[in-house]
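> One structure, pasted below without further comment.
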Amino acid sequence: MVTQIKKKRLKLYKDRLNIILDIAQTINEDHTIEDLLAEFEILLREELEVGKVLVFTLSNNVWHNLLTSGVTKDEANLINVEEDLLCYKTIESITISHPPKLKGFDAVIPLFHRFAPIGYVLIGDIEEEQQGISPTIKHLKLIQIIANLIIVFVENKRMQNALLEQEILKKEMELASRIQNQLVPSEYQMPKTQKLDIQTYYQPHMGVGGDYYDIFRLSRQTIGFCMADVSGKGIAAAMVMSNFQAVMRSLFTAGTNFKKLIPLLNERVNASANNEKFITLFIGRYNLMTRRLTYVNAGHLPPLLYDTKKKHLTHLEKGCIGLGMLDFVPSIEVGKIKIPKEAKLLAFTDGVVELDKGNQVESNAQEIEDILCTTASLEQNFAQLRGIIDKFVTKGAVFDDISLLGLEFK
């Protein structure tokens, strides 16, 4: 008789060990989470005769329902892990006396990793009306071991997938950054003329950004340039700006009428941004012979024009509202000004003047003006500006894209 009992126990231990080994092998074979959960469900229902299963797991500090079997969605939604399950520190049978929300279940199996709860398994029989202790109770320790293995695997898998997604996103961002940097004119692509010194600076806050500047020759005697800023940051802003750059290049010509160009640009921005973003823009056309600058400021920070001889600073403000703010542009005022010799013009986006100072945003506009309003050359001004920007980036005060475009008129 004793021998028969020992044989039965030995067989039971072997069966349990084989089950654990099968699950461990499935994990080692790196199956998908869905495949592993499906195998776990089959094991519980067919091998261990568990009729009801609810598995909760903790991921990113939020409790999720990982597996539901033999339980309605409404029954599962009634259970709040923090209120109903966190109190269980060890395996407990609730067949005879169970909390109202756990009615129909026979046992609560807590799962721990490094002494912290990472999951809970609720099990019950198919026959809810049967009397006495559920036969599934004898499998509780086995279910706990298997469930613990599975939940640790699931969480590791999720972390692995998250790392892969981050790596993919990083590579996509690097590619997008390279493409966008190619769209920004380099020193070698700038118009070459003895009548202008051109200085630029570009630094996206997140690898890619919504800032854009351009400067190109419209004709032998005409230079076109612009500075723009899309609301928001990141990939979405960069995509809108890339589309805008292509439109700008195709529509901006030496003979362009700004009062006709701005409504066209407004239409294109509305079409590409789906009324979710807007663009501020400063666009200018400069005649090298007449020294006449014609411009429109569409809601952008006013560029600074400094007359070094008269020591006079002008803010170039004439224009209209930003592009994409409304379906149509109500009114447009075109600015026209004759540029004195040795004058300097600086256009910029708000990333260089709006700085994070603790719990508030402070303006750095006065410091920018003070740098420009000197007899120093534009090249020297930009060296100072780059130094200031580097300082604020190091301090973490910069929270937006930064673009600078400067012209010194000889």
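> Applying the selection to segment 237-283, what residues are open to solvent by 20 Å² or more (accessible area, probe 1.4 Å), at pLDDT below 80 and out of contact with any helix residue (DSSP H, G or I) (no Cβ under 9 Å at 6 or more places or on another chain)?
Asn274, Asn275
> Scan segment 51-103 for residues that are under 18 Å from Asn148 (Cα atoms) and either assigned to a helix (DSSP H, G or I) or over 43 Å from the mean Cα position of the chain (by Cα) (or both) and jot them down.
Scanning segment 51-103 gives Val81, Leu85, Glu92.
> Here's another thing I want to ask about it. In segment 320-350, which residues are within 23 Å of Pro263 (Cβ to Cβ), of a type in the set (D, E, K, R) and assigned to a loop (DSSP other than H, G, I, E, B)?
Asp327, Glu333
> Look through segment 83-126, keep the residues that are in contact with a Pro (Cβ under 7 Å, 6 or more places away or on another chain) and of a type in the set (Phe, Trp, Tyr), and return whichever of them is most open to solvent (accessible area, probe 1.4 Å).
Tyr88
Rundown of residues vs (1) exposed (fewer than 14 other Cβ atoms within 10 Å of the Cβ); (2) of a type in the set (Val, Ile, Thr); (3) in contact (Cβ under 8 Å) with a residue 24 or more places away in the chain; (4) closer than 17 Å to Lys410 by Cβ, yes/no style:
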site	(1), (2), (3), (4)
Lys309	yes, no, yes, yes
Gly324	no, no, yes, no
Gly335	no, no, yes, no
Glu342	no, no, yes, yes
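> Using the structure shown, decide if Val55 is modelled with pLDDT of 75 or more, among the aliphatic types (A, V, I, L, M), closer than 23 Å to Met159 by Cβ and loosely packed, with under 14 Cβ neighbours inside 10 Å.
The answer is no for Val55.
> Mind checking whether some residue in segment 284-297 is small (Gly, Ala, Ser) and at pLDDT below 85?
No, segment 284-297 has no match at all.
> Oh, and also: Which pairs have Cβ atoms under 9 Å, sit 6 or more apart or on different chains, and link a residue in segment 285-307 that is among the β-branched types (Val, Ile, Thr) to one that is in a loop (DSSP other than H, G, I, E, B) and open to solvent by 10 Å² or more (accessible area, probe 1.4 Å)?
Once the first residue is among the β-branched types (Val, Ile, Thr) and sits in segment 285-307, its partners that are in a loop (DSSP other than H, G, I, E, B) and open to solvent by 10 Å² or more (accessible area, probe 1.4 Å) give Thr290/Gln221; Thr294/Val334; Val296/Lys318; Val296/Ile332; Val296/Glu333; Val296/Val334.
> Among what's in segment 58-75 and is within 21 Å of His113 (Cβ to Cβ) and open to solvent by 20 Å² or more (accessible area, probe 1.4 Å), pick the residue that is modelled with the lowest pLDDT.
Asn60
The values are calculated or read from the model by the stated rules, or taken from the named source; none is laboratory data. All values reported here derive from a predicted model rather than from experimental measurement. Virtual Cβ from ideal backbone geometry, glycine too; neighbours counted across all protein chains shown. Heavy atoms of the whole protein, side chains included, go into the accessibility calculation; ligands, DNA and RNA do not. Shrake-Rupley method; radii C 1.70, N 1.55, O 1.52, S 1.80 Å.
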